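Down below is the structure, laid out as structure tokens.
The values are calculated or read from the model by the stated rules, or taken from the named source; none is laboratory data. These numbers come from a predicted model, not from an experiment. Here the Cβ positions follow ideal geometry from the backbone for every residue, glycine too, while neighbour counts run over all protein chains shown. All accessible areas refer to the heavy atoms of the entire protein, side chains included, with ligands and DNA or RNA removed. Shrake-Rupley method; radii C 1.70, N 1.55, O 1.52, S 1.80 Å.
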Amino acid sequence: MAEKEVVETSEAQIAVHWQEEGYYYPSYEFVAQANMTDPGVYDRFSLDNFPNCFKEYADLLDWYEYWDTMLDTSDAPCWKWFVGGKINASYNCVDRHLAKNKNKAAIHFVPEPLEEKYEHITYQELYVKVNEFTALLRDFAGLKAGDRVTLHMPMLAELPITMLACARLGVIHSQVFGGFSGRACADRIVDSNSRVLITADAYYRSGTLLDHKQNADIACDLAEKDGQKVDKVLVWQRYPGKASSPTPMVEGRDYFVNDLLKDYYGARVDPVPMPAEAPLFLMYTSGTTGKPKGCQHSTGGYLAYVAGTSKYVQDIHPEDVYWCMADIGWITGHSYIVYGPLAICASTVVYEGVPTFPDAGRAWRIAQDLDVNIFHTAPTAIRALRKIGPDEPAKYNYHFKHMTTVGEPIEPEVWKWYHKEVGKGEATIVDTWWQTETGGFLASTLPGINPMKPGSAGPGMPGIHPIILDDEGEMLPQGAGKAGNICIRNPWPGGFQTIWGDRDRFVETYYARYCKDPNSKKWEDWPYLTGDAAVEAEDGYFRILGRIDDVINVSGHRLGTKEIESAALVCQEVAEAAVVPVNHEIKGKEPDLYIALKPGIEASDELAQKINDTICTEIGKIAKCRKVWIVPDMPKTRSGKIMRRVLGAISNEIDEGDVTTLANPEIVASIKTMVQS
Ligand code: WT7
């Protein structure tokens with residue numbers, strides 16, 4: 001008994017170790033201009049008013065025909081929104097803005113090379129480019145509504161143009177992140193049965209003009225072997241008319257877009273009125289196992305949801321300059337660089353390269369040059385910028401009224417740096433929690449209404465009703481401070497419709513666990529499993545602890561990897577921290593901690609000890625790490641996420657699998673030597 005007490009720490013105690021922080025309030029200036037300041041919005045979007053509350057978002061759009069059924073649940077859990085409605089996404093993002101705003105910049109394109117000029121594409125220019133390319137897609141590539149086309153494009157203005165041209169015809173686009181390999185692209189071509197691939201010949205990344213065309217060749221070859229022939233590859237040129245890639249064009253298959261466009265000069269194509277529930281695009285995302293899942297997003301519901309959240313959470317006004325520093329190849333870019341902002345007539349920035357090229361001040365110079373006042377990025381980028389240039393933001397004359405963090409839990413230490421240094425103490429921050437599957441935000445503060453709390457996403461969005469369930473399906477009471485599986489009780493318009501071609505996997509992955517009756521046609525019986533663990537505080541704010549599979553069970557206790565990492569970051573020397581579970585005979589799992597230090601700081605055994613001691617002080621002995629490995633750099637994906645899977649394999653001395661797609665594969669061997677020798 002006594003022995004048990006030594007290791008026993010309640011879940012609640014653990015959960016509060018990444019403590020609830022104090023509130024930060026938005027400035028009066030911010031609130032005075034905010035798009036949403038009426039707390040009554042939460043009543044309007046309460047479950048009593050569900051689903052009709054979402055009319056408020058749909059009314060931000062122009063419809064050819066209004067819907068007759070707000071929410072059709074007859075094919076549960078494949079929900080259909082705005083059934084009977086007819087709409088076109090391209091029309092809503094382009095044409096309808098011309099009358100009043102044709103001279104306004106729709107897209108500010110920032111090339112990575114310093115010597116190249118920014119490009120400012122007005123709504124009129126966007127209209128012309130989208131129309132001409134639409135004509136090409138229809139008349140040259142033979143594409144029509146319902147066809148799928150795979151895009152493998154880098155961050156060029158031609159990417160949104162391509163997406164909007166597809167949407168104009170009702171063609172379903174499937175954009176594959178530009179940094180992914182030809183193999184990854186091939187898998188997605190095959191899964192979506194695309195016979196057309198749209199790509200670019202080259203793009204800049206960290207000062208190098210990369211040959212991207214070669215990936216198209218690999219993708220087409222591999223796709224054909226797997227049974228999907230690509231008969232046309234449309235290649236946008238980084239420099240129109242000039243060869244930037246040494247990879248030759250394949251006769252009869254590959255075409256330069258700018259050669260073909262000459263035939264479509266002046267072409268205008270009427271947008272095709274699409275049923276609201278017609279798919280707009282596929283976005284592939286990885287599951288826990290197996291092949292990537294093609295999340296199928298709708299036209300009307302999705303567009304309504306991203307337009308509403310761009311207006312009320314991103315707080316975008318017509319006169320703002322909005323920069324979301326994500327890649328359009330991810331859902332963040334689709335929803336909050338392209339569709340959401342353009343639907344509400346914003347000026348959106350598209351930056352080709354890496355935020356730290358050629359130096360740590362680049363992002364802030366872009367902000368200064370364009371007078372960006374709304375900035376959106378991920379904790380991983382914030383940590384990187386903090387690591388290499390903690391004092392850089394102060395050197396530049398820009399002012400953000402609003403900033404977003406998205407994609408992973410943000411450690412309060414990092415949040416505070418973001419607020420103080422990047423936001424200069426003036427910006428209102430939203431921490432938006434959501435997923436590829438959900439189309440738009442699930443939880444966030446409304447910036448003109450709720451105070452901010454570092455490390456917490458905030459309450460459920462209006463119309464989104466999260467609950468935390470334990471493993472038995474019992475609801476954890478609000479404010480219990482207990483970790484559990486966060487689910488959403490109700491459908492919402494931005495949610496994905498299904499996994500492309502795999503309804504069974506869709507139901508199994510997201511609904512099977514807590515569904516009360518698989519034959520039920522009532523949405524109330526189908527809570528959506530997000531796959532995240534979370535804690536709900538007394539004030540109704542949700543603190544996301546990470547994926548359920550990121551939770552480390554030490555001696556039967558749940559430890560969020562993020563909590564340990566956050567504790568490590570309390571040490572001023574630490575720039576980045578990553579925790580992985582190591583198998584342990586008695587405890588089940590033990591955390592192993594990987595650390596990257598700030599520049600100029602020397603690794604030492606004393607420092608490793610100090611970090612481990614800090615974790616014990618911050619969380620308790622049960623979180624003590626087996627080892628603290630101070631490494632020269634973390635293994636990272638091309639999008640900057642730390643590859644915990646690789647670190648976990650090294651710690652557990654198992655095969656780390658394919659690491660060739662990492663941004664820095666060479667680091668793996670040196671970490672392995674350190675850990676396994
Ligand atoms: C997972 C989804 C949403 C666009 C980018 C990621 C984690 C996302 C937050 C946040 C804590 C977050 C969750 C989620 N996540 N936002 N604000 N705080 N965690 O999309 O690749 O589909 O990843 O990212 O674990 O399940 P994704």
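Please find, within segment 373-384, the residue that is farthest from PRO318 (Cα to Cα) out of those that are out of contact with any helix residue (DSSP H, G or I) (no Cβ under 7 Å at 6 or more places or on another chain) and not in a strand (DSSP E or B). Only one residue fits best here, namely ALA384. Within segment 215-236, does at least one residue satisfy the condition of being part of a strand (DSSP E or B), charged (D, E, K, R) and modelled with pLDDT of 95 or more? Looking for residues that are part of a strand (DSSP E or B), charged (D, E, K, R) and modelled with pLDDT of 95 or more, one finds at least one in segment 215-236, hence yes.
Just one of the listed residues (LYS482, LYS420) is open to solvent by 30 Å² or more (accessible area, probe 1.4 Å), out of contact with any Lys or Arg (no Cβ under 9 Å at 6 or more places or on another chain) and under 27 Å from GLN368 (Cα atoms), namely LYS420.
In segment 600-628, which residues are modelled with pLDDT under 90 and not aliphatic (A, V, I, L, M)?
From segment 600-628, those modelled with pLDDT under 90 are 615-624; that's our starting set.
Of everything in segment 600-628, those that are modelled with pLDDT under 90 and not aliphatic (A, V, I, L, M) turn out to be CYS616, THR617, GLU618, GLY620, LYS621, LYS624.
When segment 360-372 is examined, which residues are found to be part of a loop (DSSP other than H, G, I, E, B) and either closer than 15 Å to GLU421 by Cα or at pLDDT below 95 (or both)? Within segment 360-372, ALA360, GLY361 meet the criteria.
Could you pull out the residue among VAL269, VAL235 that is within 26 Å of VAL128 (Cα to Cα), aliphatic (A, V, I, L, M), open to solvent by less than 70 Å² (accessible area, probe 1.4 Å) and within 31 Å of the chain's Cα centre (by Cα)? From the options VAL269, VAL235, the qualifying one is VAL235. Restricting to segment 398-427, give me the number of residues that are away from the ligand (no atom under 15 Å from the Cβ) and either β-branched (Val, Ile, Thr) or within 20 Å of the chain's Cα centre (by Cα) (or both). So the count comes out to 2. Out of curiosity, is ILE337 within 16 Å of the ligand (Cβ to nearest atom), open to solvent by less than 10 Å² (accessible area, probe 1.4 Å), touching a residue at least 40 places away in the same chain (Cβ under 8 Å) and part of a loop (DSSP other than H, G, I, E, B)? Here the answer is no, as ILE337 does not meet what is asked. Within segment 643-666, the set of residues being among the aliphatic types (A, V, I, L, M) and open to solvent by 20 Å² or more (accessible area, probe 1.4 Å) comprises MET643, ILE654, VAL659, ALA663.
Against the conditions (1) in a strand (DSSP E or B); (2) open to solvent by 70 Å² or more (accessible area, probe 1.4 Å), LEU210 satisfies every one except (2).
GLY361 fulfils the conditions (1) of a type outside the set (Asp, Glu); (2) more than 16 Å from the ligand (Cβ to nearest atom); (3) open to solvent by 10 Å² or more (accessible area, probe 1.4 Å) except for a single criterion, (3). Test ASN612 against the stated conditions and say whether it is under 17 Å from VAL675 (Cβ atoms) and either without any contact (Cβ under 8 Å) to a residue 24 or more places away in the chain or touching a Lys or Arg at 6+ places or on another chain (Cβ under 6 Å) (or both). Yes.
Just checking, which of LEU442, LEU446 is more than 9 Å from the ligand (Cβ to nearest atom) and either over 19 Å from GLU20 (Cβ atoms) or of a type in the set (S, T, N, Q) (or both)? Walk me through it before giving the result.
Values: LEU442 fails: more than 9 Å from the ligand (Cβ to nearest atom).
Within the list LEU442, LEU446, the selection yields LEU446.
Being modelled with pLDDT of 90 or more and under 16 Å from ASP431 (Cα atoms) is the filter; apply it to segment 519-538 and report the residue that is nearest to the ligand (Cβ to nearest atom). Ranking the candidates gives ALA534 first.
Of all residues in segment 315-334, those satisfying the criterion of being out of contact with any Asp or Glu (no Cβ under 9 Å at 6 or more places or on another chain) and either assigned to a helix (DSSP H, G or I) or within 14 Å of the ligand (Cβ to nearest atom) (or both) are CYS324, MET325, ALA326, ASP327, ILE328, GLY329, TRP330, THR332, HIS334.
Among all residue pairs at least 6 apart or on different chains, which show Cβ distances below 8 Å where the first residue, located in segment 367-378, is touching a residue at least 12 places away in the same chain (Cβ under 8 Å) and the second is part of a helix (DSSP H, G or I) and hydrophobic (A, V, I, L, M, F, W, C)? Close Cβ pairs (under 8 Å, with a partner that is part of a helix (DSSP H, G or I) and hydrophobic (A, V, I, L, M, F, W, C)) amount to VAL372/ILE366; PHE375/ALA367; PHE375/VAL422. Of the helices (runs of 4 or more DSSP H) lying entirely inside segment 559-677, those containing at least 2 residues that are among the charged types (D, E, K, R) and within 30 Å of GLY329 (Cβ to Cβ) are 561-568, 644-651, 666-676. Scanning segment 596-618 for any residue that is surrounded by 15 or more Cβ atoms within 10 Å (Cβ to Cβ) and farther than 26 Å from LYS416 by Cα turns up nothing.
Yes or no: THR348 in a strand (DSSP E or B), within 20 Å of TYR24 (Cα to Cα) and of a type outside the set (Gly, Ala, Ser)?
On the way: in a strand (DSSP E or B): yes; within 20 Å of TYR24 (Cα to Cα): no; of a type outside the set (Gly, Ala, Ser): yes.
For THR348, the condition - in a strand (DSSP E or B), within 20 Å of TYR24 (Cα to Cα) and of a type outside the set (Gly, Ala, Ser) - is not met.
Can you go through GLY425, GLY473, GLY463 and tell me which one is open to solvent by less than 10 Å² (accessible area, probe 1.4 Å) and either on the phi > 0 side of the Ramachandran plot or free of Cβ contacts under 8 Å to residues at least 12 places away in the same chain (or both)? Every option except GLY463 fails the conditions. If you scan segment 383-397, which residues turn out to be surrounded by fewer than 21 Cβ atoms within 10 Å (Cβ to Cβ) and within 16 Å of the ligand (Cβ to nearest atom)? None; the set is empty.
For beta carbons closer than 6 Å, sequence separation of 6+ or different chains, a first residue in segment 389-400 that is assigned to a loop (DSSP other than H, G, I, E, B) and a second that is of a type in the set (Gly, Ala, Ser), the qualifying pairs are GLY389/ALA360; GLU392/ALA360; GLU392/GLY361; TYR398/ALA367; PHE400/GLY423; PHE400/ALA427.
Taking the criterion of being aliphatic (A, V, I, L, M), out of contact with any helix residue (DSSP H, G or I) (no Cβ under 9 Å at 6 or more places or on another chain) and assigned to a strand (DSSP E or B), the residues of segment 402-443 that qualify are VAL430, ALA443. Of the helices (runs of 4 or more DSSP H) lying entirely inside segment 35-140, those carrying at least 3 residues that are surrounded by 19 or more Cβ atoms within 10 Å (Cβ to Cβ) and touching a residue at least 40 places away in the same chain (Cβ under 8 Å) are 89-93, 123-139.
Scanning segment 569-581 for residues that are surrounded by fewer than 21 Cβ atoms within 10 Å (Cβ to Cβ) and either aromatic (Phe, Trp, Tyr) or over 19 Å from VAL414 (Cβ atoms) (or both) gives no hits. Do we have any residue at all in segment 181-200 that's open to solvent by 60 Å² or more (accessible area, probe 1.4 Å) and assigned to a strand (DSSP E or B)? The answer is no, given that none of the residues of segment 181-200 is open to solvent by 60 Å² or more (accessible area, probe 1.4 Å) and assigned to a strand (DSSP E or B).
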